[in-house]
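Q: Can you keep this structure in mind? I'll have questions shortly.
The values are calculated or read from the model by the stated rules, or taken from the named source; none is laboratory data. Since the structure is predicted, the reported quantities are computational estimates derived from the model, not experimental observations. A quick note on method: Cβ atoms are made from the backbone with ideal geometry, for glycine too, and the neighbour counts reach across all protein chains shown. Side chains are part of the model used for accessible areas, which takes the heavy atoms of the whole protein and leaves out ligands, DNA and RNA. Shrake-Rupley method; radii C 1.70, N 1.55, O 1.52, S 1.80 Å.
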Amino acid sequence: MTEQEVLKASGRRTRRSFLVAAAGAAGGYGFYRWLDRAPGLEGIPRPLRKTFEFDEAVARGVFDERGLAPTYSLKHATELKINGNFGLKQKIELDSFRLQMVGVEGADKLPQYVKDVTAWEYKYAEDTAKELGENVKTRPKAAGAAPAPAPAAGAPAAPDRSAMPPEFQKAFAAIDKENDGKPQRGQEEAGESDSTLDPGTPGLLLTMDDVLKMPRHEMVTQFKCIEGWSQIVQWGGVRLGDLLTAYPPARNADGSLPKYVYMETPNGDYYTGYEMAECHHPQSLLVTEMSGKPITQEHGAPMRLHMPIKYGYKQIKRIGLIAYTDDRPDDYWTKLGYDWYAGL
């Protein structure tokens, strides 16, 4: 082949390469624009949410809730680091703690029954100036902002609204007055749960003694955070499934059982939802001890969830409510763009 023929063939191939590259770039940009402008669904574009749901279907098909998470020798266990204080920024007075349970079969026949579980008032330590733990996301304070007023004794600290526009401050002041000084719900980033209880909801108020009547279990399993770290931890407590068996759900009108379990912290700032099978998994534990010691307030005292088949953001701390429901419950991090299923 002559030099002229080589140059001619090279030119054709170069033009073809540029055309293919341009088409690829245009296609990629078009896909990005389509994805970026897609309608939102639970905090993220709909196509990404649908991808989450596809991944969930694959995980269910392969693993379901049958598998057990690996267990480890006690010598590998470490102290779990504190990560996130959503829903437990103030120290709760443990004597005031009650576990609300809603949707229990024959609840009105039990001694723990009350006509309105939402009327129960949790009490908090007077020293609320320092928040427990820390969150990954924090909202910066405005320069020169006036300090928030001190909370009343035993009440949770009021949120700092000094940087808000005056009309918002006025609106929140009206809400505070309407609530008669009770803590507002949903003060964290994701806002109030759509699954939270309506005032006047009947149910049970269980003490920790009621919970600790269940058989005690201990295990050493891995806590996995979606941020990319994990730790092997020694856990102690009672199986969630044992509690749900002792206080089973009431059947629906058609005789079926509710499909889901909803949980939230006292005053409803953090909340999570689960399918019933996950809650009856033998490794789903209501944790009252870590590393052989009672759990601290920073880790969710008096009781938190460990569910090693799920990522850490599903392992709610300081559980204040367990409710049975047939509607898929709201979930804090799902509203901020994460996966509802959160399976490993």
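Q: Which order, highest average first, do 22-35, 255-268 follow once you tally other Cβ atoms within 10 Å for each residue and take the mean per peptide?
A: In descending order of packing, they fall as 255-268, 22-35.
Q: Please find the FRET efficiency linking residue 275 to residue 79, where r is the Cβ-Cβ separation and R0 is fixed at 35 Å, and quote it to the nearest 0.05.
A: Computed FRET efficiency for residue 275 and residue 79 comes out at 0.70.
Q: By how many nm would the segment from residue 110 to residue 64 grow when fully extended, if each residue of separation counts as 0.36 nm and the alpha-carbon distance is taken off?
A: Answer, rounded to one decimal: 13.1 nm.
Q: Next question, about the same structure. Sort 63-69, 244-250, 273-279, 316-322 by packing, meaning the average of other beta carbons within 10 Å per residue, with the highest value first.
A: Most protected by this proxy first, the peptides run 316-322, 273-279, 244-250, 63-69.
Q: Net charge around residue 340, counting only other residues with Cβ within less than 12 Å of its Cβ (Lys, Arg = +1; Asp, Glu = -1)?
A: -4
Q: Another question, then. Under the classification rounded if a/c is under 1.5, otherwise prolate if a/b is larger than b/c and oblate if not, where does the stretch 5-73 fall, given a ≥ b ≥ c as square roots of the Cα gyration tensor eigenvalues?
A: It comes out oblate by the Cα gyration axes.
Q: At q = 0.15, 0.18, 0.21 Å⁻¹, work out log10 I(q)/I(0) for the stretch 215-298 with the Debye formula, treating every Cα as an identical point scatterer and leaving solvent out; two decimals please.
A: Relative scattering, expressed as log10 I(q)/I(0), comes to -0.70, -0.97, -1.21.
Q: Still on this model: Which length gain, in nm to one decimal place, applies between residue 246 and residue 231 when the Cα-Cα distance is subtracted from 0.36 nm times their residue separation?
A: Fully extending the segment from residue 246 to residue 231 adds 2.3 nm.
Q: Something else now. Just to confirm, what accessible area per residue do you get for the stretch 1-108 at 1.4 Å probe, in whole Å²?
A: I get 70 Å² per residue for the stretch 1-108.
Q: Can you give the local net charge around residue 5? Use residues other than it whose beta-carbon is closer than 15 angstrom to its beta-carbon, Lys and Arg +1, Asp and Glu -1.
A: Local charge sum for residue 5: +2.
Q: When N counts the residues of the stretch 21-136, how does its alpha-carbon radius of gyration compare numerically with 2.2 N^0.38 Å, as a ratio?
A: 1.80
Q: Based on the Kirkwood radius over alpha-carbon pairs, what is the Stokes-Einstein translational diffusion coefficient of the stretch 247-344 at 10 °C with 1.306 mPa s viscosity, in µm²/s?
A: D, rounded to a whole number, is 113 µm²/s.
Q: Using the basic label-point model (7 angstrom from Cα toward the beta carbon), what is the residue 22 to residue 72 distance in nanometres?
A: 5.6
Q: Length gain on complete extension for the stretch residue 184 to residue 207, per 0.36 nm per residue less the alpha carbon to alpha carbon distance?
A: Here the answer is 5.9 nm.
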